[in-house]
Amino acid sequence: MPAPTDNLRIDGSRLWDSLMDMARIGPGVRGGNNRQALTDADREGRLLFMRWCEAAGLTLGVDTMGTVFARREGTDPDAAPVMIGSHLDTQPTGGKFDGVLGVLGALEVVRTLNDLGIRTRHPVEVVNWTNEEGSRFAPAMVASAVFAGVLGLEEAYARRDAEGLALGAELERIGFKGEEPVGQRRPHAYFELHIEQGPILEDEGVDIGVVTHGQGVRWLEVTLTGRDAHTGSTPMGRRLNAGLGAARVVELVDQIAWAHAPHAVGAVGQLNVYPNSRNIVAGKAVFTIDFRSPDLAVLTAMTDELRTGAAAIAEKMGLGLSIEEVNAFDPVAFDPVLVGRVREAAERLGYSHRDIVSGAGHDACWVNKVAPAAMIFCPCVDGLSHNEDETITPEWASAGTDVLLHAVLATAGV
Ligand code: HGY
Ligand code: MN
Ligand code: MN
Ligand code: MN
């Protein structure tokens, strides 16, 4: 049997073929993907993934949040599994690789272990986490949050999408409300391969991102309430214009983010005014704020500044204001031992690498609460993601998966 230190590599063309086959499920309108969580397209993608796992000799399990675990036995039946995975659900205008590379790269690692006849001591489990994106059902990373014990199962089931459909009902509808209690499986370690979703690695010509930390996130949902009125006959001074109030708070979000630059970011992704008629002063506005920072104190300051500033705007304009926090996770430091194995693997394989903080949230951020976790990044073109033009090269996909293979070998033991 080959030694892990050998120059073992995965089968890059098999990996790329699987990525392209998965990309055909839930196609977007511009060449990307729209495979939103718990839609029929998500179900189809899950079933394809599960067929591949069975073909690779893995045994499948589905937990009560619909997360799929595909297990490859180790030599020690009592050893806890090394879990490797990510998510197959996408944004409504998502790319082919966000999350998908982590799931299919993990499957490629198992396929390679099969090819090489390597039997690890710890079992290896490939994981597809339910609803990582959080775009259809907020919050993001909802299944790994339940797995980490930071969100209740019933609370997760009760989350509703824009049409009012509940997460739990949709899970049942697509046939993925499993029997296995969430958290019954406790990993020995967890690795997640993911595209960077930012421009650093490509700009610097670096193959591998050794992810040391993930930044913290705060998602707020803001509702401003004024009064619908005629846009022609209502004097400017008599208006309670929630649409205008929203515009001022959107500007405030940008000012707060810039005030805490360069490591803080902020945006308003969704903005709806009601009744949304061209000749009615909007009496209501509902919008979402996404603040992020690697520094918890900064994240707290940003949220406080937003609450104070939005209250002043609402007060001055005579508008009602409500702010709901719909997603919150603090900055995470990944496990230094596993991070070291990622770095050593890149080194051994001759890939250029640099430490990096993840701008995006990942399931690894929650898993890190209950088991040692680490992440591997590969570059993406123009740092673009959450955009149908998201692109990576086969070489980048292979490099990241090679590193994942070696990190698994170093952790699962042979
Ligand atoms: O929002 C995020 O960071 C992730 O893509 N769900
Ligand atoms: Mn992702
Ligand atoms: Mn994403
Ligand atoms: Mn993720």
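Key figures for this structure:
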{"read-out": "Residue that is nearest to the chain's Cα centre (by Cα), among those in region 305-327 that are surrounded by fewer than 17 Cβ atoms within 10 Å (Cβ to Cβ) and among the small types (G, A, S)", "value": "S322"}
{"read-out": "Qualifying residue in region 242-257 (condition: of a type outside the set (F, W, Y) and in a loop (DSSP other than H, G, I, E, B))", "value": "no"}
{"read-out": "Tally, over region 258-274, of residues that are touching a Gly at 6+ places or on another chain (Cβ under 9 Å) and part of a loop (DSSP other than H, G, I, E, B)", "value": "1"}
{"read-out": "Selection within region 141-166 - touching a residue at least 40 places away in the same chain (Cβ under 8 Å), surrounded by 20 or more Cβ atoms within 10 Å (Cβ to Cβ) and under 14 Å from V367 (Cβ atoms)", "value": "M141, V142, A143, S144, A145, V146, F147, A148"}
{"read-out": "Residues satisfying the stated conditions in region 379-404, i.e. more than 16 Å from ligand 1 (Cβ to nearest atom) and under 26 Å from A148 (Cβ atoms)", "value": "G400, T401, V403, L404"}
{"read-out": "Any hit, region 175-193, residues being within 16 Å of ligand 1 (Cβ to nearest atom) and not aromatic (F, W, Y)", "value": "yes"}
{"read-out": "Odd one out for A169, checked against (1) part of a loop (DSSP other than H, G, I, E, B); (2) open to solvent by 40 Å² or more (accessible area, probe 1.4 Å); (3) of a type in the set (G, A, S)", "value": "(1)"}
{"read-out": "All positions within region 283-299 that are open to solvent by 50 Å² or more (accessible area, probe 1.4 Å), farther than 30 Å from A229 by Cβ, touching a residue at least 12 places away in the same chain (Cβ under 8 Å) and not in a loop (DSSP other than H, G, I, E, B)", "value": "L296"}
{"read-out": "Matching option when the condition is within 26 Å of L165 (Cα to Cα) and in a strand (DSSP E or B), among G61, G66", "value": "G61"}
{"read-out": "Selection count, region 253-282, where residues are open to solvent by less than 70 Å² (accessible area, probe 1.4 Å), touching a residue at least 40 places away in the same chain (Cβ under 8 Å) and within 19 Å of G226 (Cα to Cα)", "value": "4"}
{"read-out": "Qualifying residue in region 187-205 (condition: modelled with pLDDT of 95 or more, open to solvent by 10 Å² or more (accessible area, probe 1.4 Å), more than 24 Å from the chain's Cα centre (by Cα) and more than 30 Å from D389 (Cα to Cα))", "value": "no"}
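For every residue, the table says whether it meets (1) away from ligand 3 (no atom under 16 Å from the Cβ); (2) open to solvent by less than 60 Å² (accessible area, probe 1.4 Å); (3) among the hydrophobic types (A, V, I, L, M, F, W, C); (4) modelled with pLDDT under 95.
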residue	(1), (2), (3), (4)
L338	yes, yes, yes, no
M375	no, yes, yes, no
T401	yes, yes, no, no
A412	yes, yes, yes, no
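The values are calculated or read from the model by the stated rules, or taken from the named source; none is laboratory data. Just so you know, these numbers come straight off a predicted model, no measurement behind them. All Cβ positions, glycine included, derive from the backbone under ideal geometry; neighbour counts span all protein chains shown. We work out accessible area using only protein heavy atoms, side chains counted, and drop any ligands, DNA or RNA first. Shrake-Rupley method; radii C 1.70, N 1.55, O 1.52, S 1.80 Å.
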